[in-house]
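To start, the structure under review is shown below, and the notes come after it.
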Amino acid sequence: MRVLEDMKAEDITVIDLVGKTSLADAMIIASGRVNRHVASIADSLVEALKASGLQTPKVEGMPACDWVLIDTGDIIVHVFRPEVRQFYNLEKMWGADRPNERLVS
């Protein structure tokens, strides 16, 4: 989370997935202003995860950087360009639009 803030990611949202899916325990959704910002956020997060000794996460979407998915196993991080985030609206799909299910906004 700190890396996202340090890289100036916008609209960071954490969704608790416990009891909703076995895919992960939490999902973090954040936005970068443009493709290069999305790529920088994703690169920094992957490097921080590696430096912390965690297993190298699975990363998808780096060539285009419209939407980068970083799967750490327990946590899935999505970094979007704003218009792509709005189109897919994962917050609504996973119930983050319901205040009692939202962890951090």
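The values are calculated or read from the model by the stated rules, or taken from the named source; none is laboratory data. Everything numeric in this text was worked out from a predicted model, so none of it was measured. Don't worry about glycine lacking a Cβ; one is built from the backbone with ideal geometry, like all the others, and counts go over all protein chains shown. Protein only, heavy atoms only, side chains kept; ligands, DNA and RNA dropped before computing areas. Shrake-Rupley method; radii C 1.70, N 1.55, O 1.52, S 1.80 Å.
Among the residues of region 34-73, which ones are open to solvent by 60 Å² or more (accessible area, probe 1.4 Å), under 17 Å from ARG2 (Cβ atoms) and either in contact with an Asp or Glu (Cβ under 7 Å, 6 or more places away or on another chain) or in a helix (DSSP H, G or I) (or both)?
Result: ASP43, GLU47, LYS50, ALA51.
Pairs, please: C-beta under 8 Å, at least 6 apart or cross-chain, first residue part of a strand (DSSP E or B) and in region 1-21, second open to solvent by 80 Å² or more (accessible area, probe 1.4 Å) and aliphatic (A, V, I, L, M)?
Qualifying pairs under 8 Å: ILE12/MET1; VAL14/MET1; VAL14/LEU103; ILE15/LEU103; ASP16/LEU103.
All but one of (1) in contact with a strand residue (DSSP E or B) (Cβ under 9 Å, 6 or more places away or on another chain); (2) modelled with pLDDT of 95 or more hold for ILE15; which doesn't?
(2)
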